[in-house]
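Just so it is clear, none of the values below were taken in a lab; they were calculated from the coordinates. The model shown is predicted, which means the values in this text are computed figures rather than measured ones. Every residue, glycine as well, gets a Cβ built from its backbone with ideal geometry; the counts of neighbours run over all protein chains shown.
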Amino acid sequence: MKTRFRFTKTGSIKFIGHLDCMRFFQKALRRAKMDVAYTQGFNPHQIMSFASPLSVGLTSDGEYIDIEFVSLPSDDPDEVVQYLNACMTDELFVTEMKVLPDKT
């Protein structure tokens, strides 16, 4: 199941780079024990993609990340957002979630 999350990056977290932001999301998903889909290669990794990298030192209220899940902890998008935000900081957090069609 493919999902699109909108997230906000503010405060001192604006000084972390794009790769660190990717690692932050990977660790937050692992901490939340969400059932993320993994690649089937020799070194499996979580299936996720960012819309575009944000430059170091900039803040944003509208960054997007697509994450593929095997299953979600709830059918309600607001509950999933709260569940994930419980494992994230106050300066980098998810604001909304949408489930994408399977063909995207």
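Over the chain, what is the relative contact order in whole percent, taking alpha-carbon pairs under 8 Å and six or more residues apart?
Relative contact order of the chain: 48 percent.
Distance between Cα centroids, region 1-74 to region 78-102: provide it in whole Å.
10 Å
Once label points are set 7 Å from the Cα along Cα→Cβ at both residue 1 and residue 56, what is their separation, rounded to one decimal in nm?
3.8 nm
How large is the Rg to Rh ratio of the chain when both quantities use alpha carbon positions and Rh follows Kirkwood?
Using Cα coordinates only, the ratio equals 0.94.
Among 12, 95, 60, flag the residue with its Cα farthest along the positive direction of the charge dipole of region 2-99, charges on Cβ as +1 for Lys/Arg and -1 for Asp/Glu.
12
In deg cm²/dmol and to the nearest 500, what is the mean residue ellipticity at 222 nm of the chain if only DSSP H runs of at least 4 residues count, each as -39500 (n - 2.57), divided by the residue total?
So the helix-based figure for the chain works out to -7000 deg cm²/dmol.
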